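**Q** Let me begin by handing over the structure; questions about it come next.
The values are calculated or read from the model by the stated rules, or taken from the named source; none is laboratory data. Just so we're clear, the structure is a prediction, and the values are computed from it rather than from any experiment. Cβ: placed from backbone, ideal geometry, glycine included. Neighbour counts: every protein chain shown. Please note that ligands, DNA and RNA were not included when accessible areas were found on the heavy atoms of the full protein model with its side chains. Shrake-Rupley method; radii C 1.70, N 1.55, O 1.52, S 1.80 Å.
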Amino acid sequence: MPSSDSFLRQLSSKQGWKSTSKRWGGGGGGGWGASLKQMEGLNMYGGENGIFVMKKRVMVVVDQSSHSKHAMMWALTHVTNKGDILTLLHIVPSSCKGSENSSSSSCYLATTLGSLCKACKPEVEVEALVIQGPKMATVMSQVKKLEVSVLVLGQKKPSPFLNCLCLKSSTEEFVEQCINSLECLTIGVRKQSNGVSGYLISTRWHKNFWLLA
């Protein structure tokens, strides 16, 4: 859980709406899932105790939905290692006015999720960002600014109705656009439903790749 040495810093704000960032530090151990390493061929290097993945920054776009929380926990357990930074990015739509209630609820969500990640994996440094702006543009700017190595996005089960019309939801279109546009490794994650274990993973090279873990 966050301690007294956690810090809150103000980022640049527009139109009077304060964007905030909170970070938790730590130490410990962790590792990638072997299937994902083989699937993406990530750069690795050797160490005296075996093989280690180079330290990196992992970003997850989070919100109130269950599929974004599933993606966050998957990224925490499958992608982050000791010393890595996990950045939780919560984007507030530009249409939302900069009221105290909107700002407070957004910061509360980011802080709660950050605390959960830190409690589950103390050896990973966790940072929660709350930024107001257009979703795609904000993700692109933060990925570039923070030099993100891996971006993880939650995907929900496609709507049967939209599938019949050969249409995609706004969430599906957003994930697909990120996967195809961003230079960093971008992963769409969807937890299996109806009692089936594992996750369906989508990247630029794989579509609905099933991972049992």
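**Q** What nm value, rounded to one decimal, do you get for the distance between LEU146 and ARG204 when each label is placed 7 Å out toward the C-beta?
**A** 2.0
**Q** If you stretched the chain out fully between GLU183 and GLN64, how much longer would it get, using 0.36 nm times the residue separation minus the C-alpha to C-alpha distance?
**A** Here the answer is 40.2 nm.
**Q** Leaving ligands, DNA and RNA out of it, work out the accessible area of GLU123 with a 1.4 Å probe and give it in Å² to the nearest 10.
**A** 20
**Q** Can you list residues whose amide H is under 5 Å from GLU127's amide H, if they're 5+ apart or on another chain and H is modeled 1.01 Å from N?
**A** The list, which skips near neighbours in sequence, is TRP24, LEU86, THR87, LEU88.
**Q** For SER95 and ALA119 in the same chain, what is the full-extension length gain: residue separation times 0.36 nm, less their Cα-Cα distance, in nm?
**A** 5.3 nm
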